[in-house]
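Worksheet: one structure, shown below.
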Amino acid sequence: MHSGSGAAGATWALIAAAGSGERLGIDRPKAFAVLGGRPLLAESLDRLDRCPLVDAIVVAAPPEWEEPSILLAEELAASKVVACVAGGATRAESVAAALAEVPDDALVVLVHDAARPLVGDGVVERLMAPLGEGFDGAIPVLPVADTLKRVRDDVVEETVDRAGLVSAQTPQAFLAPTLRRAFSGDLAGVTDCASLVERAGGRVATVEGDPRLLKITTPDDLALVETWL
Ligand code: C5P
């Protein structure tokens, strides 16, 4: 399903918003959980629509929730929204459905989780720099603060060396043709887009992430992010 008359351009943002609300314990998809009095999806949609580096947006909406997503974009006057498509069974399938809406002449694709509402212009700016320096992609990362253990059946098997380990966030930015090629392969078991690009031999740079890009999973996460609004 399509909406709006957003102008196409060089940089497309895809919002993966098709996850279930299961772990939030709500009766609707997570993207429509209430954050600061409006649907969670509104926050990232509004912020990416106002980001000067983003030209066009595609939302991968929860199946059956394409229409409410379009209405939300209209209410926000999010004029860069070109399409709201039904997401798939996995995040990667949802991103693939949104990517299918991106025209061949797009240069850069940013992929963002609706579950990380507090996306800002700063991180988008940081991600763009490596793409102009020969990298295929760029991702925001945070250092790992805790000691990491490999565990089986509630028993520690070993302590994992933390050196060189970071946690990956979204938005993740890619050269559009590279991302398209990466998505033409097997999507099974894929948890972020960068892993597909890495698997295809692409070079992915890291930039400074943002603790406020916390992914909302539990009701506590929702309450915490609400205090940051
Ligand atoms: O489930 P998880 O929180 O890891 O999902 C990360 C992001 O991917 C969320 O924004 C969610 O809406 C999205 N997602 C999706 N399609 C799915 C599963 C998750 O777009 N089938």
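The values are calculated or read from the model by the stated rules, or taken from the named source; none is laboratory data. These figures come from a predicted structure and were not determined experimentally. Every residue, glycine as well, gets a Cβ built from its backbone with ideal geometry; the counts of neighbours run over all protein chains shown. Note: areas computed on protein heavy atoms with side chains; ligands, DNA, RNA excluded. Shrake-Rupley method; radii C 1.70, N 1.55, O 1.52, S 1.80 Å.
Overview of values
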quantity	calculated
Cα Rg, Dmax, segment 189-229, angstrom units	14.6, 40
T147 accessible area, 1.4 Å probe, all protein chains in place, Å² to nearest 10	90 Å²
Directionally averaged projected area (convex hull, Cα atoms, segment 1-134), nm²	8.0 nm²
Kirkwood Rh, Cα atoms: Rg over Rh of the chain	0.96
Gain on full stretching of the segment that runs from V151 to T227 - 0.36 nm per residue minus C-alpha separation	24.0 nm
Rounded FRET efficiency, nearest 0.05, which uses the C-beta distance separating D121 from E64 and R0 of 25 Å	0.20
Straight-distance crosslink candidates among aspartates and glutamates, where the alpha carbon sits under 18 Å from K149 and sequence neighbours closer than 8 are dropped	E157, E158, D161
Under 14 Å from the Cα of K215 - aspartates and glutamates, other chains or at least 8 residues apart	E43, D113, D192, E226
Expected 222 nm ellipticity per residue - DSSP helices of 4 or more, -39500 (n - 2.57), all of the chain, to 500	-8000 deg cm²/dmol
Relative contact order (percent, whole number), the chain, Cα cutoff 8 Å, 6+ residue spacing	23 percent
Among V123, V151, V207, residue whose mean-square fluctuation peaks in a GNM of the chain (springs only between Cα atoms under 10 Å)	V151
Mean accessible surface per residue for segment 1-118, computed with a 1.4 Å probe while every protein chain stays in place, in Å²	40 Å²
Of L45, L14, L148, the one that fluctuates the most in a GNM where the chain has Cα springs shorter than 10 Å	L148
Segment 76-140: GluC sites (Glu not before Pro) falling in loop per DSSP and having at most 15 other Cβ within 10 Å	E133
For segment 79-184: span of alpha carbons on each principal axis (Å, largest first)	50, 34, 28
Range in the chain, longest, excluding exposed trypsin sites (Lys or Arg not before Pro) [loop by DSSP; at most 16 other beta-carbon atoms within 10 Å]	1-161
Centre separation in Å (Cα based) which lies between segment 177-221 and segment 15-79	19 Å
Spacing of the two label points (7 Å from each Cα toward its C-beta) at E22 and T217, in nm	1.3 nm
Rounded to 5, the percent of DSSP beta bridges in the chain classed as antiparallel	45 percent
Semi-axis lengths, Å, segment 146-229, gyration tensor of Cα atoms, sqrt of 5 times eigenvalues	26, 22, 14
